[in-house]
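The values are calculated or read from the model by the stated rules, or taken from the named source; none is laboratory data. Please read all numbers here as calculations on a predicted model, not as lab measurements. Here Cβ is always computed from backbone atoms with ideal geometry, including for glycine, and neighbour counts include all displayed protein chains.
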């Protein structure tokens, strides 16, 4: 993602040093919506315990520290599968392949029962305890090349990450909400959205209603 940064145009109220909204294309909105497909376990792993809000980091660390013999599947919690992402959507974690490997029971291959763990006992094999260990490929619903939203539309992303179609009516209404009657108090600023900014957006979205302002206008201490 660092080599494939996106850009968005911020509209800033200079007086309050706050982002009123950002003009964003399909690629940025696809990225924002892709955050909804990110499992919490993967988010904690990305952000690290130090940057986590509340106690989720402690849960993650507890799983890490517990002996593997006490947990059925550590990887399921520490590195959960990420929902399939459309091509060209810059997510924080990407699946390496469009298909994933799932497992079924060799004795009941046509019952539609699958598992991501080859040591799962087949529920149909009540007495034999047969493992669902026969590998097969599963292709998630086809969104490849489509993304989440339509192209040829300009979107408005508010400071709290509310996304809507850009329109003069929406802009006028937003200016009225903030009591801005002079457009000279506004400035535009084009910013990059890469891996670092994406992680900050993810973290800040769990803590604040002023996400864009905090990520792009607040100076971070080194």
* Residue satisfying all of: in segment 153-169; in contact (Cβ under 8 Å) with a residue 60 or more places away in the chain and part of a loop (DSSP other than H, G, I, E, B); surrounded by the most Cβ atoms within 10 Å (Cβ to Cβ) among these -> 159
* Structure fact -> Residue pairs within 7 Å by beta carbon, gap of at least six or interchain, first lying in segment 201-222 and closer than 21 Å to residue 30 by Cα, second at pLDDT below 85 and crowded, with 19+ Cβ neighbours inside 10 Å, listed first then second, are 202/43; 202/47; 202/92; 203/47
* Filter result (surrounded by 16 or more Cβ atoms within 10 Å (Cβ to Cβ) and assigned to a strand (DSSP E or B)) within segment 170-206 -> 191, 193
